[in-house]
Amino acid sequence: MKKVIFMGTPSFAVPILQALIDDENIEIVGVVTQPDRKVGRKQTLTPPPIKELAIKYNLPVYQPVKSGIGCVISSSGIVKIGICVTDPSTPSNRPALS
């Protein structure tokens, strides 16, 4: 079974995460997404669509203020990751995979 940290925020990334959740050969060990944002006239704090899906499946959610997954991996205790899946809006400065 492959362990995956999913990195994504926008709504178009939701079907991708859902497909990974449904795959029996993949274990989602964490979801990295942008922090909740204030939305609308009332400035209601709203979670990103990816966070809503992750919570539905009880997946660990990380919302770092600064981009970069190094701190997420070390603080979560995740030592070895097989695959890192990102959506196109994620910055290209990703960690190297082993």
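The values are calculated or read from the model by the stated rules, or taken from the named source; none is laboratory data. Everything numeric here is computed off the predicted structure, so don't read it as measured data. Because the Cβ atoms are built from the backbone with ideal geometry, glycine has one as well, and the counts that use them run over all protein chains shown.
Miscellaneous remarks
- The strands (runs of 3 or more DSSP E) falling completely within segment 1-61 that include 1 or more residues that are out of contact with any Leu (no Cβ under 6 Å at 6 or more places or on another chain) and either of a type in the set (Phe, Trp, Tyr) or buried (at least 18 other Cβ atoms within 10 Å of the Cβ) (or both) map to 2-7, 26-32.
- Single residue of 83, 78, 55 found to be under 24 Å from residue 21 (Cβ atoms) and modelled with pLDDT under 55: 78
- Which numbered condition residue 7 misses (of (1) touching a Pro at 6+ places or on another chain (Cβ under 8 Å); (2) modelled with pLDDT under 90): (1)
- Residue 72 meets all of the listed conditions (1) over 11 Å from the mean Cα position of the chain (by Cα); (2) at pLDDT below 85 but one, namely (1).
- Given (1) surrounded by fewer than 10 Cβ atoms within 10 Å (Cβ to Cβ); (2) among the small types (Gly, Ala, Ser); (3) under 23 Å from residue 15 (Cβ atoms); (4) at pLDDT 90 or above, index of the condition residue 92 fails: (4)
Residue by residue, here is whether (1) of a type in the set (Phe, Trp, Tyr); (2) within 16 Å of residue 64 (Cα to Cα); (3) under 12 Å from the mean Cα position of the chain (by Cα) holds:
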{"residue": "1", "(1), (2), (3)": "no, no, no"}
{"residue": "7", "(1), (2), (3)": "no, yes, yes"}
{"residue": "11", "(1), (2), (3)": "no, no, no"}
{"residue": "16", "(1), (2), (3)": "no, no, yes"}
{"residue": "24", "(1), (2), (3)": "no, no, no"}
{"residue": "27", "(1), (2), (3)": "no, no, no"}
{"residue": "30", "(1), (2), (3)": "no, yes, yes"}
{"residue": "34", "(1), (2), (3)": "no, yes, yes"}
